[in-house]
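Rule-based calculations on the coordinates, nothing more; no lab input. None of these values were measured; they are calculated from a predicted model. Ideal geometry is used to build each Cβ from the backbone, glycine not excepted, and the neighbour counts take in all protein chains shown.
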Amino acid sequence: MTQTKKVAVLMGSDSDWPVVKAACAELKRLDIPFEAHILSAHRTPAEAAEFSKTARDKGFGVILCAAGMAAHLAGAVAANTTLPVVGIPMKGGAVDGLDALLATVQMPSGIPVATVALNGAKNAAVLAAQILAVTDERLAALLAADRAAMAAQIAKKEEALQAQLAEL
Ligand code: RP5
């Protein structure tokens, strides 16, 4: 069986943690090994670059990067690795995250960052799982089961809606 690669969960500040912990919880639920670290593109640029350059050799398969405001962490990490980088722009600040969203998503050609929604920590973890599941049967089966569970929930809600409509 394939050994599941590790996911790195990086955040620019401890103030990001209340949101980012949803990514860690999802990775834990999917039994994906991960490390979480505070690394800043601006405050610890050398450490962030070093982590990115050595991540592949250390067994990571995907790197999640959460940052707010002038959110350069995901881009700075992507500049230093060819591993897939998923950016999580954080809400907050003077323009409530629009700055972080644009800074994370608007990468130059050739250096992509797969950007999820503002505060989209859980989806970042799901996307990391989907990337790893390309070569990981265990994960692929788990993700398929999650999709089936979601579809069953919607079917139940649809049934309840139709019952309410019948009573109008
Ligand atoms: C970003 O600046 C961090 O990712 C955080 O979202 C934001 C604010 O950081 P703190 O001033 O709270 O440390 O680099």
Of everything in segment 98-148 that's in a helix (DSSP H, G or I) and of a type in the set (V, I, T), which residue is surrounded by the most Cβ atoms within 10 Å (Cβ to Cβ)?
-> T104
Among (1) of a type outside the set (D, E, K, R); (2) away from the ligand (no atom under 16 Å from the Cβ); (3) outside any helix (DSSP H, G or I); (4) free of Cβ contacts under 8 Å to residues at least 40 places away in the same chain, where does P89 come up short?
-> (2)
For segment 57-68, name all the residues that are more than 15 Å from L39 (Cα to Cα) and either within 13 Å of the ligand (Cβ to nearest atom) or of a type outside the set (A, V, I, L, M) (or both).
-> D57, K58, G59, F60, G61
Residue count, segment 92-134 (criterion: within 13 Å of the ligand (Cβ to nearest atom), more than 29 Å from A145 (Cβ to Cβ) and among the small types (G, A, S)) | 6
Number of the condition not met by V19 [criteria: (1) over 18 Å from L132 (Cα atoms); (2) without any contact (Cβ under 8 Å) to a residue 60 or more places away in the chain] = (2)
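Being of a type in the set (V, I, T), buried (at least 24 other Cβ atoms within 10 Å of the Cβ) and within 14 Å of the ligand (Cβ to nearest atom) is the filter here, so list the residues in segment 6-27 that pass it.
If we filter segment 6-27 for residues that are of a type in the set (V, I, T), which is where we start, we get 7, 9, 19-20.
From what's left, buried (at least 24 other Cβ atoms within 10 Å of the Cβ): 7, 9, 20.
Matches in segment 6-27: V9, V20.
Keeping to segment 79-97, report how many residues are among the aliphatic types (A, V, I, L, M) and either surrounded by 24 or more Cβ atoms within 10 Å (Cβ to Cβ) or under 12 Å from the mean Cα position of the chain (by Cα) (or both). Outline the logic, then answer.
Pass one, segment 79-97, residues among the aliphatic types (A, V, I, L, M): 79, 83, 85-86, 88, 90, 94-95.
Keeping just the survivors that are either surrounded by 24 or more Cβ atoms within 10 Å (Cβ to Cβ) or under 12 Å from the mean Cα position of the chain (by Cα) (or both) gives 85-86, 88, 90.
The qualifying residues number 4.
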